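Have a look at the structure below, then the notes.
Derivation of every value follows stated rules applied to the coordinates shown; laboratory data play no part. Model, not experiment: these values are computed from the prediction. Cβ coordinates were reconstructed from backbone atoms using ideal geometry, including for glycine residues, and neighbour counts include every protein chain displayed.
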Amino acid sequence: MLKNLLKSSLVSGLLITQVSAIEFVHVLEQGYWYSRYNLGELVMKSGNGETFMPDMAMVGTMLDMVSDDLSRAMPPQNPALLKRVYNKGNPLFITASNGQMMDFSDSRWERTDSENELTSYEAFAWTVTKEVEWSKQFNVDSHFGSPRGLPVPGAQERFNGVVLCAEALMQTMEFMQNPAAFAPADNSGKAAALIAIADFAQYIATPTARNMQNNRCAQAASMMAMKPASQISSEFLMFATPLYEELKQTNLENVKDKSLAIQAFTWFGYANPVKAEEARGLIRNLGRDLTRVTTTDALEQAYIVKGLNDSARITKNAALTRAFEQSVTKLISLFNTESGIFNGKNSYSTDDVAIILGAINAAKLFSNQEEVVTPVFVKFFDTIFNQAGMQLSAPGVESIAQYERKPDSRMHRAEELPLPRVAGGSFGIAPVYAANVEFGANGITKTHDQFDSAGAMHLANQMIWFHNSEVNGFPEF
């Protein structure tokens with residue numbers, strides 16, 4: 001692994017200077033915190049969607065569920081929990097800070113026309129997946145502790161995990177019960193929805209889960225729906241089966257659709273053992289389709305890497321494993337180590353970055369090319385988020401609980417990023433992703449007043465999956 005990166009590089013005519021070089025460990029941790037900020041700001045503070053408030057008696061039960069003598073969780077004031085997310089947002093704050101970290105009312109965003117739109121399948125799906133995956137993260141006993149078990153003062157974070165599960169439940173029920181509120185979906189949207197529902201169903205199906213003694217998400221879902229979590233899981237899978245059948249019978253024509261279908265069939269097969277062998281066959285066939293594609297487009301190649309990784313892992317097929325390795329080699333060959341971006345691609349949406357980072361992460365974790373993949377991982381991440389500023393702002397380290405705080409501030413945020421309240425606008429900009437960054441001859445532009453819910457949540461998912469040992473974004477069956 002390269003220990004240090006160049007302190008400056010020429011990107012499409014603009015000299016980008018790094019305040020200090022970073023290593024992969026910084027990327028790993030910054031990805032964690034940027035993912036966490038994007039989710040929390042969107043689904044707890046922004047008001048960028050239709051909101052709800054749980055019954056206060058249920059909130060009290062949730063607080064008891066996560067608290068112990070070492071730490072006691074407190075509910076925030078004026079949260080804006082979402083039962084349906086809007087497609088777009090403007091992350092400029094509309095009020096000055098009142099200095100109260102637990103009062104979420106001063107973190108509302110500017111309103112946009114998106115509130116009048118039908119929600120896309122992708123916005124619904126990647127948001128629910130993100131809530132489920134961070135609910136898992138906040139339930140990792142070795143990280144945030146277990147009430148009356150492991151001595152970690154993580155009650156507040158454990159409470160956040162239960163709240164995220166409640167939001168995922170409300171959003172999934174809204175999707176199932178109010179289809180008129182959602183826009184017609186293309187194949188990619190259907191695949192994303194299948195991923196989300198299958199992931200959630202699998203997670204709440206058992207009273208214990210990976211890295212946790214006690215599945216608090218399953219308990220919260222059962223309490224809110226007033227039925228066993230296993231029954232909710234079965235109902236979710238029953239609802240998702242027509243999505244699966246429709247994708248199975250569709251003639252998928254482009255690389256993106258095939259790759260996302262492979263990912264969807266992987267999550268569905270993992271959640272539904274009855275369909276596992278059939279899903280494995282579909283994954284094998286689509287993987288073989290991807291081996292026949294030749295491209296010099298970095299985004300398309302990233303979709304190929306991601307699809308072939310799932311295909312190789314699920315089928316254990318030697319030819320697909322070799323194809324996965326070859327696809328990684330091709331993707332890395334398209335990277336420009338001087339500019340920090342990929343050849344022929346100067347514009348990056350959050351959704352683009354999601355699949356590229358997802359592919360690079362899969363390559364680092366599962367290919368035999370970690371040594372050449374890692375410096376690309378570091379350089380691309382640092383260029384996009386910290387130098388070009390796709391991550392629009394980041395809170396100071398002092399806002400992080402002492403037990404989670406690391407001595408090196410670069411483990412939480414890049415030094416280049418502004419604090420939220422001085423990032424722009426009249427009152428500041430939320431610590432979330434810009435919808436797009438573009439590298440041009442005259443410099444870098446970013447859409448600081450545009451937030452894309454689907455792309456941002458897709459990207460935030462890929463970032464938490466950097467931490468594969470705690471939250472597994474690569475299921476197998």
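About the centre of its Cα atoms, region 273-390 shows a dipole size close to 420 debye [charges on the beta carbon of Lys, Arg (+1) and Asp, Glu (-1) only; nearest 20 debye]. Computed from backbone phi with θ = phi - 60° and the Karplus coefficients 6.51, -1.76 and 1.60, the 3J(HN,Hα) list for region 408-418 is 8, 4, 5, 6, 10, 7, 7, 5, 6, 7, x Hz; x is used for glycine and proline. For residue 49, the residues 5 or more places off, or on other chains, whose built amide H falls under 5 Å of its own are 86. Proximity of backbone amide H atoms, modeled 1.01 Å from N, is registered between residue 81 and 52 at under 5 Å, excluding neighbours fewer than 5 places apart on the same chain. Remark on residue 336: its backbone amide H falls under 5 Å from those of 341, 342, 343, a criterion applied only to residues 5 or more positions apart or on other chains, H modelled at 1.01 Å from N. As a footprinting exposure proxy, order 58, 223, 390, 170 by other Cβ within 10 Å, with the fewest listed first. So the residues, fewest neighbours to most, are 58, 223, 170, 390.
Scalar couplings 3J(HN,Hα) for region 57-62, obtained by applying the Karplus form with A = 6.51, B = -1.76, C = 1.60 to θ = phi - 60°, are 5, 5, 4, x, 5, 4 Hz; x denotes Gly and Pro. Taking a straight Cα-Cα cut-off under 25 Å and skipping sequence neighbours fewer than 8 places away in the same chain, the lysines within cross-link reach of residue 316 are 248, 256, 258, 275, 306, 330, 364. Summary value for region 104-236: 30 percent relative contact order, contacts being C-alpha pairs under 8 angstrom separated by 6+ residues. Per residue of region 298-310, what does 6.51 cos²θ - 1.76 cosθ + 1.60 with θ = phi - 60° give for ³J(HN,Hα)? Whole Hz please, x for Gly and Pro, Karplus curve as stated. Along region 298-310, the couplings run 4, 5, 4, 5, 5, 4, 5, 4, 5, x, 5, 4, 5 Hz.
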